[in-house]
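Engineer: One structure, as structure tokens, below. Some questions next.
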Amino acid sequence: MDEKLKDDIKTAVQILNSGGVIAIPTETVYGLACDPRNINAVQKIFAIKGRNDGKPLQMIASSFAQVESLADLTTAENRVAKKYWPGPLTLLIKLKKDIKLAPQISPNQIIGIRITSSPIASAIVKAFGRPITATSANRSGMSPAVSGIGVTRAFKNYESKPDFVLDVGAIDKNLPTTVASIADDGKATIHRQGAVIL
């Protein structure tokens, strides 16, 4: 990892800690990230995307320990997670009772989370010390950005923008994450079909 990228990761983490919104490359597209406990930061993401509050934001973690700090995986969820994480599979799992996140992150105490396979996103989450939001960097209804320039272009005509874009150039556009919930018997309900076939 070169020095500029290390500095950019430090900057990204500082902005997360100060309640800001960053745009970062993930394993699928560039994503908008913030501290999911910070209601103002979460609301800023909705403003940046021009998105209806009713659609919850997903999260990314850098390790199983980070996921388990928020939720107790069932045996069936754990089995699927160990097979596909790190990678583009978001599991809908039950948030622990004593954990408080912004309401738009955990409707009905359910969160969507994955361990990211992006080295840069993972380094940011690890340095931040806890999971962060990850939702595609685009205005609602538009195509997700796959480059730093694409992120800048997506929001240039709007008042709300990310506070920092960690630009590593263009990344390969991949299918979005698969979003699924896993029943106790191991049966998967697919809420969005994406890169992972269950």
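The values are calculated or read from the model by the stated rules, or taken from the named source; none is laboratory data. Note that the structure is predicted; figures quoted are calculated from it, not measured. Counting neighbours? That spans all protein chains shown, and the Cβs are built from the backbone with ideal geometry, glycine included.
Engineer: Among the residues of segment 100-131, what is the count of those that are at pLDDT below 95, surrounded by fewer than 19 Cβ atoms within 10 Å (Cβ to Cβ) and in contact with a helix residue (DSSP H, G or I) (Cβ under 7 Å, 6 or more places away or on another chain)?
Structural biologist: 0
Engineer: Give the number of residues within segment 98-144 that are within 12 Å of Ser62 (Cα to Cα) and of a type in the set (Lys, Arg).
Structural biologist: Result for segment 98-144: 3.
Engineer: Could you figure out which of (1) of a type in the set (S, T, N, Q); (2) at pLDDT below 95; (3) closer than 20 Å to Ala41 by Cα isn't true of Thr152?
Structural biologist: With (1) of a type in the set (S, T, N, Q); (2) at pLDDT below 95; (3) closer than 20 Å to Ala41 by Cα applied to Thr152, the lone miss is (2).
Engineer: Next question. Condition first: of a type in the set (Phe, Trp, Tyr) and in contact with a strand residue (DSSP E or B) (Cβ under 8 Å, 6 or more places away or on another chain). Now tell me which residues in segment 6-50 satisfy that. I'd like the intermediate steps shown before the answer.
Structural biologist: So the first thing to find is which residues in segment 6-50 are of a type in the set (Phe, Trp, Tyr), and the list is 30, 46.
Hit for segment 6-50 is Tyr30, nothing else.
Engineer: Here is a further query. List, please: which pairs have Cβ atoms under 9 Å, are six or more places apart or on different chains, and start with a residue in segment 175-187 that is in a strand (DSSP E or B) and end with one that is among the aromatic types (Phe, Trp, Tyr)?
Structural biologist: Matching pairs, first to second residue: Thr178/Tyr84.
Engineer: A further question on this structure: Give Ala183, Ala170, Ala154, Ala195 a once-over and let me know the one that is over 22 Å from Leu32 (Cβ atoms) and either under 17 Å from the mean Cα position of the chain (by Cα) or not hydroxyl-bearing (Ser, Thr, Tyr) (or both). Reasoning before the result, please.
Structural biologist: Details: Ala170 fails: over 22 Å from Leu32 (Cβ atoms); Ala154 fails: over 22 Å from Leu32 (Cβ atoms); Ala195 fails: over 22 Å from Leu32 (Cβ atoms).
Exactly one of Ala183, Ala170, Ala154, Ala195 is over 22 Å from Leu32 (Cβ atoms) and either under 17 Å from the mean Cα position of the chain (by Cα) or not hydroxyl-bearing (Ser, Thr, Tyr) (or both), namely Ala183.
Engineer: Please work out if Ser62 is at pLDDT 95 or above, polar (S, T, N, Q), within 16 Å of Phe128 (Cα to Cα) and surrounded by fewer than 16 Cβ atoms within 10 Å (Cβ to Cβ). Quick ask: steps written out before the conclusion?
Structural biologist: Details: at pLDDT 95 or above: yes; polar (S, T, N, Q): yes; within 16 Å of Phe128 (Cα to Cα): yes; surrounded by fewer than 16 Cβ atoms within 10 Å (Cβ to Cβ): no.
Here the answer is no, as Ser62 does not meet what is asked.
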